[in-house]
1. Do you know which of the residues in the range A:21-42 that are within 15 Å of A:A57 (Cα to Cα) and within 13 Å of DNA strand D (Cβ to nearest atom) is surrounded by the fewest Cβ atoms within 10 Å (Cβ to Cβ)?
2. Quick check on A:E60: is it within 16 Å of DNA strand D (Cβ to nearest atom), within 12 Å of the chain's Cα centre (by Cα) and at pLDDT 95 or above?
3. I'd like to verify a number: residues in the range B:89-119 that are part of a helix (DSSP H, G or I) and of a type in the set (D, E), how many?
4. Show the residue pairs meeting these rules: Cβ distance below 7 Å; 6+ apart or different chains; first residue within the range B:48-61 and without any contact (Cβ under 8 Å) to a residue 40 or more places away in the chain and surrounded by fewer than 17 Cβ atoms within 10 Å (Cβ to Cβ); second residue part of a helix (DSSP H, G or I) and basic (K, R).
5. Starting from the range A:92-105, take each residue that is more than 13 Å from B:H79 (Cα to Cα) and list its partners that are among the acidic types (D, E), counting only C-beta distances under 9 angstrom and pairs at least six apart or across chains.
6. Please verify whether the range A:70-80 includes one or more residues that are within 14 Å of chain B (Cβ to nearest Cβ), closer than 20 Å to B:G63 by Cα, within 15 Å of DNA strand C (Cβ to nearest atom) and modelled with pLDDT of 95 or more.
Protein chains: 2
Amino acid sequence: MARITRQRTAITNAFEQAGRPLSPLEVLDAASAEVPSLGQATVYRALRAMVEEGVLAPVELPGEPDRYELADAAARHHHHFRCDSCDRVFDVHGCPGGLSNLLPPGFTMRDHEIVLFGRCDACAS
Amino acid sequence: MARITRQRTAITNAFEQAGRPLSPLEVLDAASAEVPSLGQATVYRALRAMVEEGVLAPVELPGEPDRYELADAAARHHHHFRCDSCDRVFDVHGCPGGLSNLLPPGFTMRDHEIVLFGRCDACAS
DNA sequence: CCGGCATTGAGAACGGGTTATCATTCTCGC
DNA sequence: GCGAGAATGATAACCCGTTCTCAATGCCGG
């Protein structure tokens, strides 16, 4: 995984232009505009490689296939919003905090995840 | 789905004794103590029927198969804790609130989910 | 206590997301 | 510009949770 190919460039562009977590299929759709012959095997290979390289971070939501987002975006603590209508996922910045107060006695918290569900701005209208 | 069988009774007992969300396999393990011949098809059938009857509610967490919990427990707003060590899921009562403040402009929130990760009391020691 | 028929259980089949295969194509060091 | 070998793409295969199949079992109304 060292060579810079048209396919990898198109995949990277897809993430930079989207600015939100993308599923493998969304990546395929977006990058296909740039490289029409793009196959899903290539997308999966690239995603895996980019996660190993630390360029992408996986985003997993309940009951759905993994999505991915650029690691530098993931580095800033944030959560996710999933639109009921278009199924797209968006980053949500900020965090209510105080979650450790909810823990039962004897439990210790390492991390937490918050997912909001509703309608995005495009679908709300 | 009208008959009361040993299998269904054992499955119901498993939930009442556990007091936490159970995966189909956890249900199979627990109820097998009471009905050794229990098959997984029966567990899946019973879970589906009980969800349709409104007795159970599904609990979905990122990257894992669905779990289920008694509907009356689910009726009270709560969230979930997943132990890194034993993979069990527990209910967590309470909610930080104020999540709608995190929404980007134009977005509307219908619901939210919070999952805490860490070690349960049994695994912390 | 019978008998109809819903339920069960073992195993096969399914479905979707993901990964492997392998001949072909393309990148890039030289 | 060459050539080694990495990357690609079409397709088959895989994984694993879930559902189906069907003969055997067992619940329960009468």
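1. Here the answer is A:P24.
2. yes
3. Residues flagged as part of a helix (DSSP H, G or I) and of a type in the set (D, E) within the range B:89-119 amount to 0.
4. The qualifying pairs do not exist here.
5. Here the result reads A:P105/B:D121, each pair linking the range A:92-105 to a residue that is among the acidic types (D, E).
6. Within the range A:70-80, not a single residue is within 14 Å of chain B (Cβ to nearest Cβ), closer than 20 Å to B:G63 by Cα, within 15 Å of DNA strand C (Cβ to nearest atom) and modelled with pLDDT of 95 or more.
The values are calculated or read from the model by the stated rules, or taken from the named source; none is laboratory data. Values in this document were obtained by computation on a predicted structure and should not be read as measured data. Every residue, glycine as well, gets a Cβ built from its backbone with ideal geometry; the counts of neighbours run over all protein chains shown.
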